[in-house]
Amino acid sequence: MPSFIGHRCTYRVIYGDTDKMGVVYHANYFRWFEIGRSEMFRDLGLTYKQIEAKGIFLPVSEAFCKFVSPVQYDDFIIIETIIDSADRAGVKFDYIVFDETGETTIAKGYTRHACVNENGRVTRPPAFLKDALAKKGQ
């Protein structure tokens with residue numbers, strides 16, 4: 001796999017991820033994107049729980065996934081998450097899901113997240129969040 005600035009984590013496909021045809025149900029790719037984001041935050045020493053405790057919430061405002069190759073039960077995947085540092089109004093994460101060899105792309109996508117305060121108002125990403133994400137998005 002090429003080098004990158006971001007985070008990688010692994011996941012083994014469970015039976016509950018699949019549909020009647022034995023392939024992964026499309027909505028589960030967005031769950032995997034969330035796993036990638038959450039693990040990236042953990043790697044940065046910042047969990048969603050800690051972000052929310054500081055009064056900042058990150059609802060998804062846009063999501064996209066391009067399905068490239070099917071995945072089945074018990075397959076091992078690699079979820080690559082990259083910060084798109086060009087997004088200034090919120091936070092954008094790009095994802096590539098690979099097979100266990102890291103050579104075959106299974107899916108590509110992204111999610112955009114607004115920063116919302118405790119009152120439900122959209123706000124710019126606060127300094128603590130920008131600083132943490134800058135570690136992975138440089």
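In the range 103-111, is there at least one residue being closer than 30 Å to Val23 by Cβ and over 16 Å from the mean Cα position of the chain (by Cα)? Yes, the range 103-111 contains at least one residue that is closer than 30 Å to Val23 by Cβ and over 16 Å from the mean Cα position of the chain (by Cα).
Before we move on, is Gly109 surrounded by 16 or more Cβ atoms within 10 Å (Cβ to Cβ), modelled with pLDDT under 95 and touching a Lys or Arg at 6+ places or on another chain (Cβ under 8 Å)? So Gly109 fails the test.
Could you please find all residues in the range 85-100 being surrounded by fewer than 15 Cβ atoms within 10 Å (Cβ to Cβ) and under 21 Å from Val116 (Cα atoms)? Passing the criteria: Ala86, Arg88, Ala89.
Results for (1) touching a residue at least 60 places away in the same chain (Cβ under 8 Å); (2) under 25 Å from Ser85 (Cβ atoms); (3) in contact with a helix residue (DSSP H, G or I) (Cβ under 9 Å, 6 or more places away or on another chain); (4) surrounded by fewer than 12 Cβ atoms within 10 Å (Cβ to Cβ), shown as yes or no for each residue.
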site: Arg12; (1), (2), (3), (4): yes, no, no, yes
site: Tyr15; (1), (2), (3), (4): no, no, no, yes
site: Thr18; (1), (2), (3), (4): no, no, yes, no
site: Val24; (1), (2), (3), (4): no, no, yes, no
site: Asn28; (1), (2), (3), (4): no, no, yes, no
site: Phe33; (1), (2), (3), (4): yes, yes, no, no
site: Ser38; (1), (2), (3), (4): no, yes, yes, no
site: Phe41; (1), (2), (3), (4): yes, yes, yes, no
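Residues of the range 53-64 include none that is surrounded by 19 or more Cβ atoms within 10 Å (Cβ to Cβ), under 16 Å from the mean Cα position of the chain (by Cα) and touching a residue at least 60 places away in the same chain (Cβ under 8 Å). When we screen Tyr48, Tyr73 for residues that are under 16 Å from Val116 (Cβ atoms) and among the aromatic types (Phe, Trp, Tyr), the only hit is Tyr48. Taking Glu80 as the residue in question, decide whether it is among the charged types (D, E, K, R), part of a loop (DSSP other than H, G, I, E, B) and touching a residue at least 24 places away in the same chain (Cβ under 8 Å). Answer is no for this residue.
The values are calculated or read from the model by the stated rules, or taken from the named source; none is laboratory data. Computed from a prediction, not measured in an experiment: that's the story for all the values here. Counting neighbours? That spans all protein chains shown, and the Cβs are built from the backbone with ideal geometry, glycine included.
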